[in-house]
Amino acid sequence: MRVGVAGAVLNGAGRDQRLLERIRDLHASLVPDLAWLARTVGEEAPRPDILRDLGERLADLGTDLITRADELDAQVRAGLPDHGWLPEAGARRRALAVAHQVGPHPLRCGPIFLAVCGAACYPFYGKDPTGRTARHERCEKCVHVR
């Protein structure tokens, strides 16, 4: 998805760079904002315009970060089976690996995914259109966590 910001059309990497710039800008402005806020809280009621500005900046950035996280999450899930079960990585030779549940928001570390029980899994079958993961025994911890 491409989004226009200040007249420019940004792709995923450009949007990530812009988000990083916004976080850095917020970081730089927080020190004086918080110092002012701490000083006024003890003496008088804080100015609503400054509180609103800070709140809006935090809310806007938070919304954009969550939106980007959802996009990246959808890209990760697009290559995994819809049922979310993956065989354990580094399984024993000549034995079917135990299948683990990676949950609705899979955590990826390189080619490995972390299951809800903490086990490392690899998407051997991709989207698993033929249902090969069904042959694997299910992890008891993952069954109960899900």
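For the chain, taking a cut-off of 4.7 Å between Cβ atoms, the unpaired cysteines are CYS109, CYS117, CYS121. In a DSSP loop and with at most 14 other Cβ atoms within 10 Å, the GluC sites (Glu not before Pro) in segment 24-109 are GLU44. Net charge of the neighbourhood of ASP33, taken over other residues with C-beta under 10 Å away and scored Lys/Arg +1, Asp/Glu -1, is 0. Computed over the chain, relative contact order equals 17 percent, with contacts defined as Cα pairs under 8 Å that lie 6+ residues apart. Largest mean-square fluctuation among LEU37, LEU107, LEU61, in a Gaussian network model of the chain whose springs join Cα atoms under 10 Å apart, belongs to LEU37. Helix 12-43 and the longest principal axis of the Cα set of the chain meet at an angle near 50°. Taken along its principal axes, the alpha carbon cloud of the chain reaches lengths of 70, 40, 20 Å, longest axis first. Think of it as helices only: each DSSP H run of n ≥ 4 in the chain is worth -39500 (n - 2.57), and spread over all residues that comes to -16500 deg cm²/dmol at 222 nm.
None of the figures in this text is laboratory data; all of them are computed from the coordinates on show. Quick caveat: nothing in here was measured; it's all calculated off a predicted structure. In this analysis, Cβ positions are derived from the backbone assuming ideal geometry, glycine residues included, and neighbour counts consider all displayed protein chains.
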